[in-house]
Amino acid sequence: MSKIPVMVNGLPGNVASTLIPHILADEKFSLIPASLTGPDTLNDQLQCCNMNFSLIRPADRDAWISDVLLNNSGLIAIDYTHPSAVNANATFYARHGIPFVMGTTGGDRDALSESIVQSATCAVIAPNMAKQIVGFQAMMAHAAENFPDLFKGYSLRIEESHQSGKADTSGTAKAMVGYFNRLGIPFGVDAIEMERNPERQESVWGIPSEHIAGHAWHTYTLKSEDGSVCFRFTHNINGRDVYAQGTLDAVSFLSQKITQGCRGQVFSMIDVLKG
Ligand SMILES: NC(=O)C1=CN([C@@H]2O[C@H](COP(=O)(O)OP(=O)(O)OC[C@H]3O[C@@H](n4cnc5c(N)ncnc54)[C@H](OP(=O)(O)O)[C@@H]3O)[C@@H](O)[C@H]2O)C=CC1
Ligand SMILES: O=C(O)C1=N[C@H](C(=O)O)C[C@H](O)C1
């Protein structure tokens, strides 16, 4: 079977760098030795896992991509870049007919989906690629659909902690708000409590010091009106390895959908998990 050519965009960023060894270790994929990077990235090259990657800035990418497409039929892009880049990157992929897995959070999510629907390509878009969290989201979606207003009258508190460099509110937490709304709790994404202070993360949250620079801790607390009932859901992730397997499953899923002739479709990680 021929390998799926994969381009990981967002080097030298943290998640993109974490993905490289996982892709190299999987014989289903071949890796393009280049990555779309930010406009302010100083270096032109990056060494990662004994591979040399060219770093392509936004101004250069349209001229650069045609050769890559010519030599890599079936190319899939993986995007772990920056919230400010989400929409421009999606438009770039759509313009060149490149199917993509969008792990990057933020941006205008409706415009993101619309750029696919209007295009001849497809994408998997999800704020969380950790398969066990996607499974939890699927359970929440099931509850929201089958038991609307189950938690009517309950209060909700959402707390999330991430590394101090994270640019936006957790996309996962924002997605969870939608489920809680359908379960009867009015709650806006502005009420999500974010922690980005490394000292508090260690002393108050108890996050291990070696993961202060890369973690994703979430807690959702629901309380009944009279205070007699409390539900608490927590998912705490240290490091970033857990996102790799889900991302690669999404690449395989997308490649299959394109081969089957799908165009202009947006898939979620719940679709990938079910597929
Ligand atoms: N879906 C999921 O499961 C997960 C999603 N994420 C999300 O992935 C994203 C990346 O996270 P993380 O790796 O920690 O972030 P980092 O800040 O470590 O890396 C982002 C990288 O993207 C680069 N970049 C900036 N602008 C562009 C652009 N226009 N085109 C291409 N690259 C660009 C940055 O370059 P420079 O530094 O030079 O600006 C940097 O190298 C975030 O939105 C995060 O929330 C994270 C974990 C899991
Ligand atoms: O930036 C991160 O690290 C993460 N981002 C995603 C989010 O915003 O929810 C997923 C996970 O929380 C890690």
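The values are calculated or read from the model by the stated rules, or taken from the named source; none is laboratory data. Quick caveat: nothing in here was measured; it's all calculated off a predicted structure. Positions of Cβ are generated from backbone atoms using ideal geometry, with glycine treated the same way; all protein chains shown enter the neighbour counts.
What the table below lists for this structure:
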read-out: Unique match (being more than 12 Å from VAL266 (Cα to Cα), within 8 Å of ligand 1 (Cβ to nearest atom) and at pLDDT 95 or above) among GLY97, GLY107, GLY103; value: GLY103
read-out: Pick from segment 99-114, criterion surrounded by 23 or more Cβ atoms within 10 Å (Cβ to Cβ) and more than 16 Å from ligand 2 (Cβ to nearest atom), ranking: farthest from the chain's Cα centre (by Cα); value: PRO99
read-out: Of all residues in segment 151-201 being assigned to a loop (DSSP other than H, G, I, E, B) and near ligand 2 (Cβ under 9 Å from one of its atoms), the one that is modelled with the lowest pLDDT; value: ALA167
read-out: Residue pairs meeting the criteria (Cβ under 6 Å; at least 6 apart or on separate chains; first under 23 Å from ASN72 (Cα atoms) and among the polar types (S, T, N, Q), in segment 82-101; second modelled with pLDDT of 95 or more and part of a helix (DSSP H, G or I)); value: THR91/SER115
read-out: Filter result for LEU70 (at pLDDT below 95 and surrounded by fewer than 13 Cβ atoms within 10 Å (Cβ to Cβ)); value: no
read-out: Some residue of segment 30-47 being more than 28 Å from ASP168 (Cβ to Cβ) and either hydroxyl-bearing (Ser, Thr, Tyr) or not assigned by TED's automatic domain parsing to the domain that holds THR121 (or both); value: yes
read-out: In segment 115-137, the residues that are under 16 Å from the mean Cα position of the chain (by Cα), of a type in the set (A, V, I, L, M) and either within 16 Å of ligand 2 (Cβ to nearest atom) or surrounded by fewer than 22 Cβ atoms within 10 Å (Cβ to Cβ) (or both); value: VAL124, ILE125, ALA126, MET129, ALA130, ILE133, VAL134
read-out: Restricting segment 172-224 to residues that are among the basic types (Lys, Arg) and within 16 Å of ligand 1 (Cβ to nearest atom), the residue that is surrounded by the most Cβ atoms within 10 Å (Cβ to Cβ); value: LYS174
read-out: Filtered residue count, segment 255-275, keeping only those that are within 22 Å of ALA141 (Cα to Cα), in contact with a strand residue (DSSP E or B) (Cβ under 8 Å, 6 or more places away or on another chain) and assigned to a helix (DSSP H, G or I); value: 3
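Residue by residue, here is whether (1) assigned to a loop (DSSP other than H, G, I, E, B); (2) in contact with a His (Cβ under 8 Å, 6 or more places away or on another chain); (3) of a type in the set (Ser, Thr, Tyr) holds:
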position: GLY227; (1), (2), (3): yes, no, no
position: PHE231; (1), (2), (3): no, no, no
position: HIS235; (1), (2), (3): no, yes, no
position: VAL251; (1), (2), (3): no, no, no
